[in-house]
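Notes follow the structure.
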Amino acid sequence: MQIISSPPRSGFSASCSLSGSFLHLGFARDVIFRSSSPSRRKIPLRFPRASSSSDPLLVQAARGDLVSRPPAWMMRQAGRYMAVYRKLAEKHPSFRVRSETVDLIVEISLQPWRAFHPDGVIIFSDILTPLPAFGVHFEIEEVKGPIIQNPISSEDDLNNLHSIDLDKLQFVGESLKILRSEVGEHAAVLGFVGAPWTIATYIVEGGTTRTYANIKSMCHTAPHVLKSLLSHLTRAISEYIIFQVKSGAQCIQIFDSWGGQIPPNAWEQWSRPYIQEMVRVVRKECPQVPLVLYINGNGGLLERMIGTGVDVIGLDWTVDMADGRRRLGNKVAVQGNVDPAYLFCPLPALTDEIHRVVRSAGRRGHILNLGHGVLVKTPEEAVAHFFDVVKGLRYDSLFKESMVENLEPVA
């Protein structure tokens, strides 16, 4: 199948400009969120300074706008749980080929859109995709995963790095343009990147690891090398985010997937400042594009994550949504956090869990998602049910039901 690129919709590039002024998180004044459940704490969230009803539902929710229901998408939305993806992967067995060829990227990204019509369509890619564009070459083995032949362990190794060459990532830009044209205003097109710390773990360890021993040791044995690496990654990834936005991405998720593998005080030193700097740089050029931060195992980091300046914090399933809302207060919107295992449960149990999470998150500033990615062998019928349930929800009726339930006497 040949996909012809269409020019981006007129006006989309206005969301990313050099001259745009920036109000932190895009919020102008505080308002009080009122839960109809008397037992819930009232959580203040804030209106954005400027919003547009023409923006996709997901973008509106990320900015804190009043919406009729929570938008929903899933991490690892496209992939091995779908039969149509497995069939395509048999024909194109190389992951690098699938994630670096425009026609295949677009086709795979649109597979769940055609099947389930989520509120966010995320580009099929990988957090390691931009590495060769700034001097780090890698391969992906079917069993071992990513392999970096020349990991960085000394100051001399840093000489192999160079400024990011976005010309080598045109397949990403072209794919985002096509996705934006295909999806239109019916859903938000999502881009994503890895956070500097998470990307650095692969570059220092030479691939995936269970211990992170080399990079944790580097924090103490060669901190100047690690700081230089993280600073280089920060500049490169910031440019990559801006490139994605200019190509059509309407929201960006930052995956600090392995930020939860270090103690919170170490995360404060080795991850948060670099994410903060990325947010600062991106905000300067793209002030209206929501940024989402997700860390796997972030229960001990929630309050610290606020300081990065992102619009939305993703919660994994080990954090109770109501507790997460309480701890984060009015600083950010939230995303998540249904346990992916619920997609293997009877559908009524999945429905109840969706309702519980949505009620706990409140009526504003919530993007429904899983607490981690879709698991392999997840039934497609369950994924369809997930989206059917959320698209049938309405905040007015859901919270009216909650009030009635709380008023009913206990037998």
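Residues in the range 246-285 that are under 14 Å from P196 (Cα atoms) and under 11 Å from the mean Cα position of the chain (by Cα): Q253, I254, F255, D256, S257.
I'd like the full set of residues that are in contact with a helix residue (DSSP H, G or I) (Cβ under 7 Å, 6 or more places away or on another chain) and more than 25 Å from R63 (Cβ to Cβ), limited to the range 346-372. Within the range 346-372, L347, A349, L350, T351, E353 meet the criteria. Exactly one residue out of E185, E174 is at pLDDT 95 or above and over 19 Å from T234 (Cβ atoms): that is E174.
Of the helices (runs of 4 or more DSSP H) contained entirely in the range 331-411, those carrying at least 1 residues that are modelled with pLDDT of 95 or more and among the polar types (S, T, N, Q) fall at 347-361.
Checking every residue in the range 186-194 against the condition of being closer than 19 Å to I147 by Cα and either surrounded by 18 or more Cβ atoms within 10 Å (Cβ to Cβ) or in contact with a strand residue (DSSP E or B) (Cβ under 9 Å, 6 or more places away or on another chain) (or both) gives at least one match. Just checking, does the range 286-302 include any residue being under 18 Å from the mean Cα position of the chain (by Cα) and in a helix (DSSP H, G or I)? Looking through the range 286-302, at least one residue is under 18 Å from the mean Cα position of the chain (by Cα) and in a helix (DSSP H, G or I).
Select, from L328, L293, L302, the only residue that is crowded, with 24+ Cβ neighbours inside 10 Å and not polar (S, T, N, Q). Give the steps one after another, and end with the answer.
On the way: L328 fails: crowded, with 24+ Cβ neighbours inside 10 Å; L302 fails: crowded, with 24+ Cβ neighbours inside 10 Å.
Criteria check complete, one pass: L293.
Evaluated against (1) in a helix (DSSP H, G or I); (2) within 30 Å of R114 (Cβ to Cβ); (3) touching a His at 6+ places or on another chain (Cβ under 9 Å), L158 falls short on exactly one condition, (2). Pull up the range 221-241, narrow it to residues that are closer than 14 Å to L158 by Cα and either basic (K, R) or not in a helix (DSSP H, G or I) (or both), then point me to the one that is nearest to the chain's Cα centre (by Cα). Checked the range 221-241; the qualifying residue nearest to the chain's Cα centre (by Cα) is K227.
One residue stands out among those in the range 62-103 that are out of contact with any strand residue (DSSP E or B) (no Cβ under 7 Å at 6 or more places or on another chain) and over 24 Å from E142 (Cβ atoms): the one that is surrounded by the most Cβ atoms within 10 Å (Cβ to Cβ), which is R69. Hey, does the range 382-389 have a residue that's farther than 22 Å from V59 by Cβ and under 21 Å from the mean Cα position of the chain (by Cα)? The answer is yes; a qualifying residue exists.
The values are calculated or read from the model by the stated rules, or taken from the named source; none is laboratory data. The structure displayed is predicted, hence computed values, not measured ones. Note that each Cβ is placed from the backbone with ideal geometry, even for glycine, and that neighbours are counted across all protein chains shown.
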